[in-house]
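Student: I'd like to ask some things about the structure below.
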Amino acid sequence: MIIKFISRSSLAAVLLASGSVYAQDSTLVSTDLKPFAPASSFRTWSLGINAGVLSPTLPFGKNDFTTWKPQLGYGAYVKKQIIPALGIKAGFLAGKLEGDNSEPYGSGITSQSPYDAFETTISYSGSLIAELNLANIYWMNRRNTITPYFNAGAGLMGYNINLTDISGVQSEFKEDGNVNEVFFPVGAGLKFSLSQSVNLDLGYTMNFVDGDNLDGYRNAPQDDKFSYGHIGLEFALGKKSKPQLATYNPVAAMEHDYITRNADLKSQLEAERASNAQRLAQIDAEWKKFLNDADKDGVSDHFDKCPDTPEGTQVDGAGCPLKVTTTTVNPVTVITEEDRRVVAEAIRNLEFDFAKATIRSKSYPSLNRVAELLVTKNFSLKLAGHTDNVGSNAANLKLSKNRAESVKAYLVSQGANPSRIEAVGYGETQPISSNKTDAGRQKNRRVEFTLY
């Protein structure tokens, strides 16, 4: 009765300790690390303590004594986690095993042992065990972790045995010290992450002794065995800022990383859409200044040097009344190679501000030569604006039209006849190269000049 009370008190103490640790540190680290983080990002060393019930029996097979009595056992270990699924630990176990022949087997057969009872004190046991984590199960927003595990290994244990024969006489199995035997622990259990540094360990281990003297009675060929059901705490060693490698879930980390990247990408796309809308609004605002024509002479107020021309007055490209002369100039209808060279050079040198219809100043000299050609030879000119396929169809169509109109407005400002210049926008509908490459898109962003 006293032993059972001690056993229960020890288990209660472990539970109280685990609850206290959990209350002090309930912030857990789970998938904060990127996938494939190096081992230095984790805590790989841990220390465990446990207490529980030792019994000289297993769920299968029979023992040399018909009745076993639960006794207190206690242990500790140091573990090195190799990968999330595998750790190696060095363990220690001590306690007592006790049994007698007070009750027959279920079949009514009594033990053949000449002894009535035994008590084995495990002085020490040292083992090296491989522990395999079968899964890391995440609950409550990946904050609490349940880790089922399986372990197996080998070790050396030392114990002494007190025997009581059927007449009640007590004796020692070995008078000159401990019996030393090799044993093989095989177990399973569950670990619960109470905090980022502490795990609650519930486990059951079957221990197979390489000998038939654990209970002081050799009943070959069957070797002796015993079990240990325990509850304990495992403390991760190292910086609290690092998660435990044993409770790390690579699959959950990859999912978390994917969700984070997807959210970042959506934010970037929204910001880009907002920026594009702002640029289009700026383009509209800049283009509107070219649409105003207060005196309705066909020349934009932006270029009109005579803004108050009476309605119906014929004006030149600057918006001023035409000067009538008596000189008659025969119109030139033949387009020479030199004329085409002037136009080709203007096309080649024509540049606009990014995503705008504003002509860059480096384009003015070649455009001035085109304007001079239109004035002196009275040619007609068609301006066709084109874009690549970046952006919406409507925006591209509008930008191509605005750029063609901008070129027309500049030529008119240099004296060209607005009635002989046609400005058309085709957007992205007539590419001359592939839009899949930067070079191809550059060729498709153009304004074509056609003399006639």
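Every number in this text was worked out from the coordinates using simple rules, so none of it is lab data. As the structure is a prediction and not an experimental result, all values here were calculated from the model. Ideal geometry is used to build each Cβ from the backbone, glycine not excepted, and the neighbour counts take in all protein chains shown.
Student: May I ask for the distance between the Cα centers of the stretch 178-239 and the stretch 260-316, given as a whole number of Å?
Tutor: A separation of 81 Å, based on Cα centres.
Student: Which of the trypsin sites (Lys or Arg not before Pro) found in the stretch 397-452 are in a DSSP loop and have at most 16 neighbouring Cβ atoms, other than their own, within 10 Å?
Tutor: The qualifying sites are Lys436.
Student: Let me ask something additional. Round to the nearest 0.05 the FRET efficiency obtained for Thr358 and Ala37 when R0 = 56 Å and r is the Cβ-Cβ distance.
Tutor: Result of the calculation: an efficiency of 0.65.
Student: Under the definition of Cα pairs under 8 Å and six or more residues apart, what whole-number percent is the relative contact order of the chain?
Tutor: Values: 960 pairs, mean separation 55.3, N = 452.
It comes to 12 percent, rounded to a whole number.
Student: So, one more: Please give the direction-averaged projected area of the C-alpha convex hull for the chain, in square nanometres with one decimal.
Tutor: Average projection, Cα convex hull of the chain: 38.0 nm².
Student: Give the lysines reachable from Lys266 as a straight Cα distance under 24 Å; neighbours fewer than 8 places away on the same chain don't count.
Tutor: Lys34, Lys436
Student: Another question, then. Working out 0.36 nm times the residue gap between Asn393 and Gln314, then minus their Cα-Cα distance, what length gain in nm do you get to one decimal?
Tutor: Full-extension gain reported as 24.7 nm.
Student: If I model a spin label as a point 7 Å beyond the Cα along the Cα-Cβ vector, how far apart are those points for Asn180 and Leu265 in nm?
Tutor: It works out to 6.3 nm between the two label points.
Student: For the peptides 294-306, 147-159, what is the packing order when you average, over each peptide's residues, the other Cβ atoms within 10 Å and list the highest mean first?
Tutor: Working: 294-306: 16.5, 147-159: 18.1.
Descending packing order for the listed peptides: 147-159, 294-306.
Student: Stretch Leu190-Arg420 to full length: gain in nm at 0.36 nm per residue minus the Cα-Cα span?
Tutor: That pair, Leu190 and Arg420, stretches by 74.0 nm at full extension.
Student: Moving on to the next point. If you average over every viewing direction, what projected area does the convex hull of the Cα atoms of the stretch 210-285 give, in nm²? Don't skip to the answer; put the middle values down first.
Tutor: Values: hull surface 43.8 nm².
Spelled out: convex hull of the Cα atoms, projected over all directions, averaged, 11.0 nm².
Student: Subtract the Cα-Cα distance of Arg273 and Glu372 from 0.36 nm times their separation in residues, and report this length gain in nm to one decimal.
Tutor: Working: separation 99, 0.36 × 99 = 35.64 nm, distance 4.24 nm.
Here the answer is 31.4 nm.
Student: Could you please report the charge total around Glu131, scoring K, R as +1 and D, E as -1 over all other residues with beta-carbon less than 14 angstrom from its beta-carbon?
Tutor: +2
Student: Could you tell me what fraction of 2.2 N^0.38 Å the Cα radius of gyration of the stretch 329-451 comes to, as a two-decimal ratio?
Tutor: 1.06
Student: Need the list of aspartates and glutamates near Lys69 for cross-linking: C-alpha distance under 18 angstrom, and skip anything on the same chain fewer than eight residues off.
Tutor: Correct list for Lys69: Glu98, Asp100, Glu103, Asp116, Glu119, Asp165, Asp215, Asp224.
Student: Now a separate question. How much mean residue ellipticity at 222 nm does the chain get from its helices, if each DSSP H run of length 4 or more adds -39500 (n - 2.57) and you divide by all residues, to the nearest 500 deg cm²/dmol?
Tutor: -9000 deg cm²/dmol
Student: Using Cα positions and a limit of under 23 Å, work out the lysines in reach of Lys408, with same-chain residues fewer than 8 apart set aside.
Tutor: List returned: Lys288, Lys289, Lys296, Lys305, Lys323, Lys356, Lys362, Lys377, Lys382, Lys398, Lys443.
Student: Please order Leu93, Leu72, Leu134 by the number of other Cβ within 10 Å, starting at the fewest. The partial results should precede the final answer.
Tutor: On the way: Leu93 25, Leu72 20, Leu134 12.
Final ranking by Cβ density, sparse to dense: Leu134, Leu72, Leu93.
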